[in-house]
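Structure first, commentary second.
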Amino acid sequence: MDAGRAATTLDGPIAGNEQDTMGFTMVDGVMFGSGHPDPSGPDAELPALGLIVSTDQAKSWNPVSLTGKADFHDIAAVQNTSGKHDIYAYDGAVGAVRVSNDSGRTWSTGASILARDLTFDSENNTLYATTERGLAVSVDRGMSFAAEPEAPSLYLVEALNDGSGGLVGVDSDGLVWLKSAGERWQESGAVTGPVEALTYTATPTALLVVADARGVSTSADFGGSWRTIVAAQ
């Protein structure tokens, strides 16, 4: 159920940009994206955007690499010890994971895998991918994956990265699942309708955030109860 104040609505698109953003994540105030260009924009002839970044909350985007070549359907990024970002991206054009250790300027090609969602657990240096065959796990930074047989059939997954080593995900039936380090997966709640996106933030307040049939909703108890903050239009 929803709790709290009435939901707001979103205005957009930001800066009038109607690009088809497929992969997206935000780390340390930097937005990383990919997908297809605005059909009425200056890059309309490009088949794909490659990796693009924004530092002004999507008011403008700058190309970084693989312009016209890579269509990243999902992106996971974490800051590394050099002050740059390790980026793990699923390239739908070639069906493989690509890995960068310098904020997306150069890339290596990892495992061929049909992935829907990626997340990286920075505490355990483990990359997770959801696939039609279940959750897959990589302990060599995307170069190879192995099945996680005890996991539910997750559609989306997110590492908590809060010191617990935990994971949270949503399966194809809309159930929310939680796994703490060393424990079995436990059902913890449910979403409403198809889920388009899922993320989790540990600070300043621990919140699970989803975009589903209601709009954008948050949960402080891993899906047991929800507050819709942006209503679907």
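Restricting attention to the stretch 68-91 and to residues that are out of contact with any Ser or Thr (no Cβ under 9 Å at 6 or more places or on another chain) and in contact (Cβ under 8 Å) with a residue 24 or more places away in the chain, the residue that is nearest to Phe145 (Cα to Cα) turns out to be Tyr90. Restricting attention to the stretch 86-101, which residues are in a loop (DSSP other than H, G, I, E, B) and among the small types (Gly, Ala, Ser)? Listed by number, the residues that qualify are Gly92, Ala93, Gly95. Residues in the stretch 211-232 that are open to solvent by 50 Å² or more (accessible area, probe 1.4 Å) and part of a strand (DSSP E or B): Arg227, Ile229.
Within the stretch 172-199, the residues that satisfy the criterion of being within 21 Å of Ala232 (Cβ to Cβ) and either among the polar types (S, T, N, Q) or open to solvent by less than 30 Å² (accessible area, probe 1.4 Å) (or both) are Ser172, Gly174, Val176, Gly189, Val191, Thr192, Val195, Leu198, Thr199. Taken together, Gly83, Gly104, Gly142 contain a single residue that is part of a loop (DSSP other than H, G, I, E, B), open to solvent by less than 50 Å² (accessible area, probe 1.4 Å) and in contact with a His (Cβ under 8 Å, 6 or more places away or on another chain), which is Gly104. How many residues are open to solvent by 50 Å² or more (accessible area, probe 1.4 Å) and under 23 Å from Ala197 (Cβ atoms) if we restrict to the stretch 107-122? So the answer is 3. Scanning the stretch 65-79 for residues that are aromatic (Phe, Trp, Tyr), open to solvent by 20 Å² or more (accessible area, probe 1.4 Å) and in contact with a strand residue (DSSP E or B) (Cβ under 8 Å, 6 or more places away or on another chain) turns up nothing. Close contacts from the stretch 143-155, counting a first residue that is free of Cβ contacts under 8 Å to residues at least 40 places away in the same chain and farther than 18 Å from Asp173 by Cβ and a second that is assigned to a loop (DSSP other than H, G, I, E, B) and open to solvent by 60 Å² or more (accessible area, probe 1.4 Å), with Cβ to Cβ under 8 Å and a gap of 6+ residues or different chains, come to Ala147/Arg133.
The values are calculated or read from the model by the stated rules, or taken from the named source; none is laboratory data. Every value quoted in this text rests on a predicted model; they were computed, and no experiment measured them. Note that we place each Cβ from the backbone using ideal geometry, even for glycine, and neighbour counts take in every protein chain shown. When the accessible area is computed, the model is the full protein with side chains, heavy atoms only, and any ligands, DNA or RNA have been set aside. Shrake-Rupley method; radii C 1.70, N 1.55, O 1.52, S 1.80 Å.
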